[in-house]
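The values are calculated or read from the model by the stated rules, or taken from the named source; none is laboratory data. Fair warning: this is a prediction, and the values are worked out from it, not measured in the lab. All Cβ positions, even for glycine, are placed from backbone atoms using ideal geometry, and neighbour counts span all protein chains on display.
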Amino acid sequence: MELNERKTKILDAIIRNYLESGDPVGSRTLSKYLDIKLSPATIRNEMSDLEEMGYIIQPHTSSGRIPSDKGYRFYVDSMMADREKEVSDMHDMVVEKAEELSGLLKQVAKLLADNTNYAALISSPQIHRNKLKFIQLSKVDDGNILAVIVVEGNIIKNKMISVSEPMDDDTLLKLNLLLNTHLNGLSLEEINLGLITLIKERAGIHSDVIASVIDAVADAVRADEDLEIYTSGANNIFKYPELADNQKASEIISTFEEKNELGHLISESLAKDSEGRDGPGTGIQVYIGRESPIESMKDCSVVTATYELGDNMKGMMSIIGPKRMDYEKVARALKTLQEQLDTLYK
């Protein structure tokens, strides 16, 4: 007997329903769940075939069916094969897009500096309120497993997790099912203590592995370590006498070169934009003198704008110049590029 497309869909529906409810699955439930129209009688015949083939079992007389170990194995192997292909395709696409985006952001920074005669910077987009797509645990050796975590925006993170004793394929299978059933589609804010406690309880002696995976999920969702900052026009500072003092200019240029402090400006600007300080959706912030979060820019004006590339990916661009800068021209330049970037990946 062959496991054809119809049987595969029915088996998949049985397993997904059972994972969600924990109750045996009957033909009436399946007739509502399936995306193909089949009568309850046809579904019962197919379920009998699946039982004969060893993919499902009937725990009690006159009850529905639940997956057997063979059924779980077929489901997970199929799921993992799909996930591995998806990860591979995503990796190739992300690398290609990252290279294109890096070049684009460098051009934007240069364009802002050239058009305004001030210094300019732009940050790479970061994920905000990101949701988990799936988790894949794989055995590396007796002492380590690899967690592959994919979140919205096709961000892929790998984390090596040490284990105190070897884990067999069946254990990894159960942990994969447990994690994906409870966590897929959730944001970091939705993964609360109660849910973590529940997953750890169901993991039993492997609760420490679950804790390590959830830590890795949190790191993947935040993705702050991937922040890139592109700058241009720092030497334009010397064009303005009030900033051309050797010490002031060198401090500003050093800030641009080292980039560490620029992260504070980016974080604060994105946070204030989320709060809507200047009105919802404007994305424009103005820091004058000592309002700037960066000490070396206390004699400057800093104008920032957020942009969005879809999938909750937000970045910031900024122009830095003297307090007597042409604010209207700066705001217009930022607004134009903001609108162009906002529509780029839609």
Requested in this report: Sort out which residues of region 120-138 are among the basic types (Lys, Arg) and either at pLDDT below 80 or over 21 Å from the mean Cα position of the chain (by Cα) (or both), and write them in order of number.
Outcome: ARG129, LYS131
Query raised in the report: Within the group MET1, MET47, which residue is at pLDDT 90 or above, in contact with a helix residue (DSSP H, G or I) (Cβ under 8 Å, 6 or more places away or on another chain), outside any strand (DSSP E or B) and not aromatic (Phe, Trp, Tyr)?
Result: MET47
Report summary line: When region 319-345 is checked residue by residue, the ones that are under 27 Å from the mean Cα position of the chain (by Cα) and loosely packed, with under 14 Cβ neighbours inside 10 Å are GLU339, GLN340, THR343, LEU344, TYR345
Report task. Can you confirm whether region 55-69 contains a residue that is of a type outside the set (Phe, Trp, Tyr) and part of a helix (DSSP H, G or I)? Result -> yes
Query raised in the report: Just to be sure, is VAL108 surrounded by 15 or more Cβ atoms within 10 Å (Cβ to Cβ), at pLDDT below 90 and over 28 Å from THR8 (Cβ atoms)?
Result: yes
Query raised in the report: Taking region 168-195 as the search range and keeping residues that are out of contact with any helix residue (DSSP H, G or I) (no Cβ under 9 Å at 6 or more places or on another chain), touching a residue at least 40 places away in the same chain (Cβ under 8 Å) and not acidic (Asp, Glu), which one is nearest to ASP12 (Cα to Cα)?
Result: ASN184
Query raised in the report: Quick one: in region 139-168, which of the residues that are in a loop (DSSP other than H, G, I, E, B) and closer than 26 Å to PRO125 by Cα is modelled with the highest pLDDT?
Result: GLU152
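Residue-wise test of (1) in a helix (DSSP H, G or I); (2) touching a helix residue (DSSP H, G or I) at 6+ places or on another chain (Cβ under 7 Å); (3) of a type outside the set (Val, Ile, Thr); (4) modelled with pLDDT under 90.
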{"position": "PRO293", "(1), (2), (3), (4)": "no, yes, yes, yes"}
{"position": "TYR307", "(1), (2), (3), (4)": "no, yes, yes, yes"}
{"position": "GLY315", "(1), (2), (3), (4)": "no, no, yes, yes"}
{"position": "ARG332", "(1), (2), (3), (4)": "yes, no, yes, yes"}
{"position": "GLU339", "(1), (2), (3), (4)": "yes, no, yes, yes"}
{"position": "ASP342", "(1), (2), (3), (4)": "yes, no, yes, yes"}
Requested in this report: State the number of residues belonging to region 13-30 that are surrounded by 17 or more Cβ atoms within 10 Å (Cβ to Cβ) and either part of a helix (DSSP H, G or I) or among the aromatic types (Phe, Trp, Tyr) (or both).
Outcome: 8
